[in-house]
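Rule-based calculations on the coordinates, nothing more; no lab input. All values derive from a computational prediction rather than experimental measurement. Cβ atoms come from the backbone with ideal geometry, glycine included; neighbour counts cover every protein chain shown.
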Amino acid sequence: MASNDPHRPLPGTFRPPDSGWWEASTIRNPRVAPPASLSPPVSPMWEQPRGRGAGVLNIILAIAAAGITAMVLLFLSVSLGPSALVLCSVLALIPLAICLLGIRWIDRWDPEPRGALLFAFLWGAGVSVMVTLLLGNYVIELLGAALTTTPDDVIGPVLQAPLLEELAKGFGVLILVYTRRSHFDGPVDGIVYAGTVAAGFAFTENILYFGTAVIDAGSTGPLVSVFILRGLFSPFAHVMFTAALGFVLGLAVARGGGSRRVLPGFVVGLVPAIAGHMLWNGGTVILFSDFFSFYFFVQVPLFLAAVLCVILLRRSERRLTEARLGDYARAGWFTSQEVAMLATVPGRRQALAWARGIGARTDMAAFIRTASRVAHTRQRMLGGRHDADDAAEEHFLLEEATRRRSRILQTASNRFS
């Protein structure tokens, strides 16, 4: 922790970590961190005059997505029957929980706003599904007319589904880039948002698959096998496909340049998302004669590669936090000890345990979150996104960190005095 002077660095120097995916953009746009001041904290952000257009738009989009999701569930209730819908929804909650826990693990370092994640889920569960239901047959007809020699069992699952579904999901991620720009900072955020959209889509699609198995067979026997294959063997399938798009979009956002990079990034990101989906759906149709060979030789290695990629990205995100907080440490906002605490998992864990012992865990958790947010805000500014709101947010977050530190020190002083 800091000394009683919240801006006075303690002895020690900060050594910048190795560079990562984020370093190239910061080299192109050098920007000195603002010097620490002893001025009183600024007024809370919610009291500052700010444009309300983005906030209103986010609310409208969330309400619209929720309405469409309700319509999709109503359609499923009519198609499957209320009893089958309830049963299949309960079963679909199991793979959904597995996916959301995985996404939560990815998102632990710098959690995204719940409102944005809710919109992402609703887009996937409602809007994306409705688009595929409405346009699916038309796309199959177009592909069939263009590919007259291609079998029907290839056109539907191997071509139409990947193309239409990844486009439908991808537009939700693209909307989040523009409506949640203050929290869409890089590839990890892209994976989190895209994965949440995909988890929502898979939830509704699983209900449809489970219900169809019950209706077609007239019993629950086939439902068990479908549940095991989709819900337990490959719950992350859709998450992996769309996460590839989110990763590419996150890189485009981190490099700055606005739509000049984002829109091409969206097109480029669709390529691995659609290709991965095609490979997954077409494995047992084109490559392998049985599911288990395809599962163990293709699906499992792809999943392990995706997990490794996420681990490396999380490590890079921690290095980013350390580097950006190091900028503020040199300007006097943080001490080198605080940077070490805030930018490492053991440091955060130890700080929270210590704060819990003195009754300051809430303030310590807020201090950690605020430091993480200011690091990513600075990264956006260094990446070329010179937004007036970013500068205002940077100032507010720095003062908020100072206020939280003072509260922690005061609590500790009262405890040990």
Check your understanding: Taking the Cα atoms of region 349-417, what is the range of coordinates along each of the three principal axes, in descending order and whole Å?
Key -> 46, 20, 13
Check your understanding: Taking Cα pairs under 8 Å and at least six residues apart, what relative contact order does region 138-225 come out at, in percent?
Key -> 17
Check your understanding: How far is helix 259-282 tilted off the main Cα axis of the chain, in degrees rounded to 10, range 0 to 90?
Key -> 40
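Under the classification rounded if a/c is under 1.5, otherwise prolate if a/b is larger than b/c and oblate if not, where does region 198-238 fall, given a ≥ b ≥ c as square roots of the Cα gyration tensor eigenvalues? Intermediate values should be presented prior to the final figure.
Details: a/c = 4.03, a/b = 1.68, b/c = 2.40.
Oblate is the answer for region 198-238, as a/c is 1.5 or above yet b/c matches or exceeds a/b.
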Point to revise | Global geometry of region 67-217, whether rounded, prolate or oblate, following the gyration tensor of its Cα atoms and the 1.5 cut on a/c | key: oblate
Revision key, fill the gap. Cβ-Cβ cut-off under 14 Å around I140, Lys and Arg +1, Asp and Glu -1: the net charge is -4
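Give the Kirkwood hydrodynamic radius (Å, one decimal) of the chain, defined as one over the mean of 1/r across all pairs of different Cα atoms.
Details: mean 1/r = 0.0428 Å⁻¹.
The answer is 23.3 Å.
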Check your understanding: To one decimal place, what orientation-averaged projected area in nm² is obtained for the convex hull of the Cα set of region 107-150?
Key -> 4.9
Point to revise | Cα Rg over Rh - region 154-274, Kirkwood | key: 1.08
Point to revise | Contact order relative to length of the chain, as percent, for alpha carbon pairs under 8 angstrom and 6 or more apart | key: 26
Study note, to complete from the structure: Rounded to the nearest 0.05, FRET efficiency between T150 and V271 (Cβ-Cβ, R0 25 Å) equals 0.80
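Could you tell me what fraction of 2.2 N^0.38 Å the Cα radius of gyration of region 233-389 comes to, as a two-decimal ratio?
Details: Rg = 20.6 Å, N = 157, 2.2 N^0.38 = 15.0 Å.
That ratio works out to 1.37.
About its Cα centre, what dipole magnitude does the chain give when the only charges are +1 on Lys and Arg Cβ and -1 on Asp and Glu Cβ, stated in debye to the nearest 20? Walk me through the numbers on the way to the answer.
On the way: 36 positive and 29 negative charges, 357 e Å.
The calculation lands at about 1720 debye.
Going by average Cβ neighbours within 10 Å, how do the peptides 393-403, 189-199, 332-342 rank, with the highest at the top?
Working: 393-403: 20.9, 189-199: 30.4, 332-342: 22.5.
In descending order of packing, they fall as 189-199, 332-342, 393-403.
If each DSSP helix of 4+ residues adds -39,500 (n - 2.57) and the sum is divided by the residues in the chain, what number results at 222 nm, nearest 500 deg cm²/dmol? Mind showing how you got there, number by number?
On the way: 16 runs with 291 residues, N = 417.
Result for the chain: -23500 deg cm²/dmol, rounded to the nearest 500.
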Practice item. Describe numerically, in nm with one decimal, the distance between label points set 7 Å from Cα along Cα→Cβ at F303 and at E141. Key: 3.8
Practice item. State the answer as a single residue: which of F203, P235, L249 lies farthest towards the positive end of the charge dipole of region 178-265, with beta carbon charges of +1 for Lys and Arg and -1 for Asp and Glu, about the Cα centre. Key: L249
